[in-house]
Amino acid sequence: MSSINIFADREFDGVRIDKYLSVVFPDLSRSFIQKAIDCGNVSVNGKAVTKNYKLKTDDRIEYIPLEPVKLEVKAQNIPLDIVYEDDDLLVVNKPKGMVVHPAPGNYENTLVNALLYHCKDSLSGINGVLRPGIVHRIDKDTSGLLIVAKNDFSHRALAEQIKVHSFTREYRAVIIGHLKESSGKVVAPIGRNPKDRKKMAVTDKNSKNAVTNYEILREYKGYSLLKLRLETGRTHQIRVHMAYLGHPIAGDCVYGTPRTREEIALNGQCLHAGLIGFIHPRTQEYVEFSSDLPGYFKKFIGGLTVDE
């Protein structure tokens, strides 16, 4: 497997290499990175290091990804809401509550299980056996649109667009309370929460730039309906940014506290990925797809009182 070379930025001077790599590769767990280091798959300036090695500015880090765990993920006949499909990709409307890909303790009933049944062998293999075709993700309890690559050609092209932030990604969300401005932009870096590694947070330490644009569509008593457009795509970005403003997303039990019976009944955040646009890898034309608000979202706002 080919290696990945990275040069450490000045802002990470003195940071442990395992912490640094967990920022560079947010999809990898700290334990997985430490295993890679222990196996000799990480070197600095041509020499093997331990997980507590502290970086120096411009250190050249070479990372050889570990081979993916050899697991057989089974195909399952789970209905899919396919918005678009051709020989290169699919756009799928993921329901709230569905996990995108298998993980330890949860190898069934995921989007990947459904895709393996629908696409058979026509999925890209870049992300290994556990994430075939998966170019990007949305949280389990976020509903909405996802792109799935059917081959490595389209996967690489789509991944490059994500890397340079050229995707159009628009969401709808209900937040708690009212924002002061009718529209605005949140520019605040996001990284692992230093006090809780399972959560993200706005922090200057080991973080990446994150930008979220918002617009108020309607205000209710105690809540607001927002349209949000991402300029970057950090883990939990919208949820973290809204909580940072003091207005967490309704139903979000990780970055907020559900206050009412209706919020608790949401079983997760009231957040929907309603629009996605990108350059089609094969045709090189810009395409855009949208998704209506799902039933749980309509039910929740239908029970709110409009703030006159």
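The values are calculated or read from the model by the stated rules, or taken from the named source; none is laboratory data. Predicted model only: the values in this text are computed from it and were never measured. Virtual Cβ from ideal backbone geometry, glycine too; neighbours counted across all protein chains shown. Note: accessible area is taken over every heavy atom of the protein model, side chains too, but ligands, DNA and RNA are not part of it. Shrake-Rupley method; radii C 1.70, N 1.55, O 1.52, S 1.80 Å.
What the table below lists for this structure:
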quantity: Condition check for G233: open to solvent by less than 60 Å² (accessible area, probe 1.4 Å), at pLDDT 95 or above and in contact with a strand residue (DSSP E or B) (Cβ under 9 Å, 6 or more places away or on another chain); calculated: no
quantity: Scope the stretch 1-32; condition within 16 Å of G191 (Cα to Cα) and either in a strand (DSSP E or B) or of a type in the set (A, V, I, L, M) (or both); matching residues; calculated: V15, R16, I17, L21, V23, V24, L28
quantity: Residue in the stretch 64-87 that is part of a strand (DSSP E or B), among the aromatic types (F, W, Y) and either in contact with a helix residue (DSSP H, G or I) (Cβ under 6 Å, 6 or more places away or on another chain) or farther than 22 Å from S29 by Cβ (or both) present; calculated: yes
quantity: For V174: the one exception among (1) of a type outside the set (S, T, Y); (2) outside any loop (DSSP other than H, G, I, E, B); (3) open to solvent by 30 Å² or more (accessible area, probe 1.4 Å); calculated: (3)
quantity: Matching option when the condition is outside any strand (DSSP E or B), modelled with pLDDT under 95, open to solvent by 20 Å² or more (accessible area, probe 1.4 Å) and more than 30 Å from D87 (Cα to Cα), among K198, K205; calculated: K205
quantity: Residue list for the stretch 113-167, restricted to those being among the basic types (K, R), part of a loop (DSSP other than H, G, I, E, B), farther than 19 Å from G97 by Cα and open to solvent by 50 Å² or more (accessible area, probe 1.4 Å); calculated: K120
quantity: Test: residue in the stretch 264-282 that is under 17 Å from K199 (Cβ atoms) and open to solvent by 20 Å² or more (accessible area, probe 1.4 Å); calculated: no
quantity: Residue in the stretch 8-30 that is touching a Pro at 6+ places or on another chain (Cβ under 7 Å) and either modelled with pLDDT under 85 or not acidic (D, E) (or both) present; calculated: no
quantity: Qualifying residue in the stretch 239-255 (condition: touching a strand residue (DSSP E or B) at 6+ places or on another chain (Cβ under 8 Å), modelled with pLDDT under 95 and basic (K, R)); calculated: no
quantity: The stretch 72-82, subset open to solvent by 60 Å² or more (accessible area, probe 1.4 Å) and in contact (Cβ under 8 Å) with a residue 24 or more places away in the chain, residue farthest from N109 (Cα to Cα); calculated: E72
quantity: Positions within the stretch 211-252 being among the polar types (S, T, N, Q) and either outside any loop (DSSP other than H, G, I, E, B) or in contact with a Gly (Cβ under 9 Å, 6 or more places away or on another chain) (or both), in sequence order; calculated: T212, N213, S224, Q237
